[in-house]
Amino acid sequence: MKRATILQRRALTLRLLVDPYRASTLNNLALALITSYDQLGVSEDLDDAIDLCWNSLHGLPNYHKTLRNLGLALCSRFKQTRKNENVKEAIRLCQESFEAFLSLYSSMGRDHTTHRHRPPA
């Protein structure tokens, strides 16, 4: 996992601030750091991941994925710190992610209400 993080950091240094793929690279690095935190428990990885998610939000067309990742990272921070503001923000971001996803799904001409998974009869 450390190697993946190093490679993502190198990729980020190659992206200019105006590069259209910079936000995607930020998000990929954030995911690598979240995974690293989950495996190793290094709180700096989680802090960096949260910062990277915030920075990548406005550059991604499917930003609902980054909102979800940010919400999950904040849930991890809540487990670490037990500060209620982390879990409240995580819930808000996950709700916003869901709403953005539904909006995207609806704009593709699909009615999300007819595609629900039903338990087997």
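Rounded, prolate or oblate for region 21-112? Axes are the square roots of the Cα gyration tensor eigenvalues, ordered a ≥ b ≥ c, and the cut-off for rounded is a/c under 1.5. The shape class here is oblate.
A Förster radius of 30 Å combined with the Cβ-Cβ distance from Lys2 to Tyr105 puts the calculated FRET efficiency at roughly 0.25. If R0 is 41 Å, the Cβ-Cβ spacing of Ile91 and Arg9 corresponds to a FRET efficiency of close to 0.85.
Just so you know, all these numbers are worked out from the coordinates, no wet-lab data involved. All figures in this text were calculated on a predicted structure; none of them were measured in a lab. Virtual Cβ from ideal backbone geometry, glycine too; neighbours counted across all protein chains shown.
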